[in-house]
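Right, one structure below, let's go through it.
The values are calculated or read from the model by the stated rules, or taken from the named source; none is laboratory data. Here the structure is a predicted model, which is why all the values come from computation and not from measurement. Note that each Cβ is placed from the backbone with ideal geometry, even for glycine, and that neighbours are counted across all protein chains shown. Each accessible area value is taken on the protein alone, full model and side chains, heavy atoms only, with ligands, DNA and RNA left out. Shrake-Rupley method; radii C 1.70, N 1.55, O 1.52, S 1.80 Å.
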Amino acid sequence: MNSAPIEIRSAPHVQSTKTVETIMRNVVYSLLPICAFYVFQYGISALASIAVVTGICLLTERFFVRTGTQAGRLSDYSAVITGLLLALTLPPGFPLWMGAVAGMVAIALGKALFGGIGFNVFNPALVGRAFVQAAFPTAIATYTPSFLPGRFTEFIPSTLAWPLMIPAEPTAWLKAKNLDALAGATPLAKWKFDGVIANADELLTSLSGHMAVGPSPMLILLCGAYLASRRYMDWRIPLAVLGSAALTAWLLFAFDPARYPNPFFMLFSGGLILGAVYMATDMATSPVTPKGMWVYGALIGLLTVVIRYYSGLPEGVMYAILIANAASPLIEKVTQPIPFGRGVLDRAKKRATYPLNPGYISREEASAVTPKKRFLPNKPKK
Amino acid sequence: MNAAQYKTWDEFMEGVWRQNPVFVMVLGMCPTLAVTVSAINAISMGVATLFVLVCSCGLVSLMRKLTPKEVRIAVYIVIIATFVTAVDYAIQAISLALYDALGAFIQLIVVNCIILGRAEAHAAKNPPLPAMINAAGMGVGFTIGLLALGVVREILGAGTLFGVALFGAGFQPWVIMVLPPGGFFVLGAWLLLFSWWARRKAGLPAKEATPHV
């Protein structure tokens, strides 16, 4: 090491052992229990979905890294995170070829086009999901109940649809299992279209198998707590998202309990927990200022509840996060912390003086000569 | 340069390839994104624009010495509007279904900036024959551009090509391809492909240094 060249660079000089790769690897570790439980809930269809989507994400990433279109390496695990998260947001019986389309779009459109890791404006997994939501609206709303008997030996029929072909309807398949077609609806769809509100234990576990709850919310909170405690994730964002969603839902519930569901249902149904813990906290697409994180999280929570209540869609987390992603540069700009010694309105404090004592200026700076502007001669015309 | 020396083929290919209105100049985006849901629509729109382009450029070129400079834009618009009206009625007479599919975009050919651009930049300064050849090249280029979008969007959005089913009955249509975002995605993909191709042809490396911030 003694032959290393001296490097001169500007502040910050404090170094941390956390690299992009460490953070991403730990996020992957924390996602593994969630994926494992998801597979336990839905069987081999979920396993195939996770494997295919993640594999396609990695292949697409490899292509764009190889051709030099995007920054980053395959080994930084960011494409693995995108793939796992994308698979967790899709229905377990989502046709594999549609999952592959989603994974390809997520990396190519959501990440590579912007220049790779750290340059993306929107969360790549959500870009992929938004694309397939717009392209295949029926397939993405078709859920099957969790904890079905025989889920480890047989695929959900829609999983194995031929590429470019319409997937099989699960209705007949569910009938053969003595379940009605409605059993597969998500709690949010049931509430939106039938006015049925699921009770708490059904939402948290769905052990009776009559409810298509997504990945387990309690497990996600637990894994998120691990990440936050190891400082791989900022705790402000999930707290702000969940807090603002709960507050909005509670205000509406207090206003008219007959019309609006209770806040607990709002928090634990659908993808809000997953979105708050894993999607909204994506470092490249969320603000870095602490105040900005609160604003950003609060915006997501508010938008989620508003979209769920007042739009045609049962679920609104995805669009809420994408909108907040788009707003995050602006949020960052208006929430810049005020440097010490400055007044609130961006001017010097009254009576505060900052004399330009030559002693404060280093010798190099004091004798520094401003380089003269040099004008390049005009290029000779051909 | 006298009139006999015009390189007619180059003049024609200018619009088809080097100055392609869709892929290089990115002009006339309104019909490009709106009517390219199917290949038939795209071709009809392209041919209608081609006809208006060639005829109006020819007339503008014939009248270039009579037109006072101050009112030239008004004169161009009147000329273009005349041919657009003719095309509008012709399409309505040939196929009402197609007319409904193209909607207001036939009338909107009047304000298509490709046509006004050609009239102003080329036809007003050149004799009729080269002006019409150049206009024909532009029109063909525009048609090719629309067709490139229309083919992709029709195959993915409906599973058909020129109305012929490609994948049989069980095809899953990609709803997004018939919606406006699909138009933007496909246009972006084609632009990407053509710029990559152009770089390759120019001998430039496809790979640029990865930006470090």
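Can you confirm whether segment A:154-167 contains a residue that is open to solvent by 50 Å² or more (accessible area, probe 1.4 Å), closer than 14 Å to residue A:45 by Cα, assigned to a helix (DSSP H, G or I) and within 14 Å of chain B (Cβ to nearest Cβ)? Checked segment A:154-167: at least one residue is open to solvent by 50 Å² or more (accessible area, probe 1.4 Å), closer than 14 Å to residue A:45 by Cα, assigned to a helix (DSSP H, G or I) and within 14 Å of chain B (Cβ to nearest Cβ). Taking the criterion of being of a type in the set (Ser, Thr, Tyr) and crowded, with 24+ Cβ neighbours inside 10 Å, the residues of segment A:286-327 that qualify are A:286, A:296, A:304.
Would you mind stating whether residue B:10 is exposed (fewer than 15 other Cβ atoms within 10 Å of the Cβ) and part of a helix (DSSP H, G or I)? When the stated conditions are applied, residue B:10 passes them. Restricting A:105, A:53, A:80, A:127 to residues that are over 22 Å from residue A:286 (Cβ atoms) and not assigned by TED's automatic domain parsing to the domain that holds residue A:279 narrows the list to A:53. Are any residues in segment B:43-66 within 11 Å of residue B:123 (Cβ to Cβ) and over 21 Å from the mean Cα position of the chain (by Cα), and if so, which ones? Of everything in segment B:43-66, those that are within 11 Å of residue B:123 (Cβ to Cβ) and over 21 Å from the mean Cα position of the chain (by Cα) turn out to be B:62, B:63, B:64. Only one of the numbered conditions (1) under 30 Å from residue A:32 (Cα atoms); (2) modelled with pLDDT of 90 or more; (3) crowded, with 16+ Cβ neighbours inside 10 Å is not met by residue A:265, and that is (2).
Here the condition is being of a type outside the set (Val, Ile, Thr) and modelled with pLDDT of 75 or more; of A:148, A:203, it holds for A:148 alone.
What are the residues in segment A:237-255 that are over 15 Å from the mean Cα position of the chain (by Cα) and in contact (Cβ under 8 Å) with a residue 12 or more places away in the chain, if any? Passing the criteria: A:243, A:244, A:245, A:246, A:247, A:248, A:249, A:250, A:252. Of the helices (runs of 4 or more DSSP H) contained entirely in segment A:23-121, those carrying at least 3 residues that are more than 14 Å from every other protein chain (Cβ to nearest Cβ), open to solvent by 30 Å² or more (accessible area, probe 1.4 Å) and out of contact with any His (no Cβ under 9 Å at 6 or more places or on another chain) fall at A:44-66. Of B:161, B:156, B:166, B:146, all but one fail to be farther than 22 Å from residue B:22 by Cβ, more than 8 Å from every other protein chain (Cβ to nearest Cβ) and hydrophobic (A, V, I, L, M, F, W, C); the exception is B:166. Exactly one residue out of A:171, A:138, A:142 is of a type in the set (S, T, N, Q) and either open to solvent by less than 50 Å² (accessible area, probe 1.4 Å) or touching a residue at least 24 places away in the same chain (Cβ under 8 Å) (or both): that is A:142.
Per-residue answers, yes or no, for (1) touching a residue at least 40 places away in the same chain (Cβ under 8 Å); (2) exposed (fewer than 15 other Cβ atoms within 10 Å of the Cβ):
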| position | (1), (2) |
| --- | --- |
| B:83 | no, no |
| B:96 | no, yes |
| B:101 | yes, no |
| B:105 | yes, no |
| B:123 | yes, no |
| B:128 | yes, no |
| B:138 | yes, no |
| B:145 | yes, no |
| B:160 | yes, no |
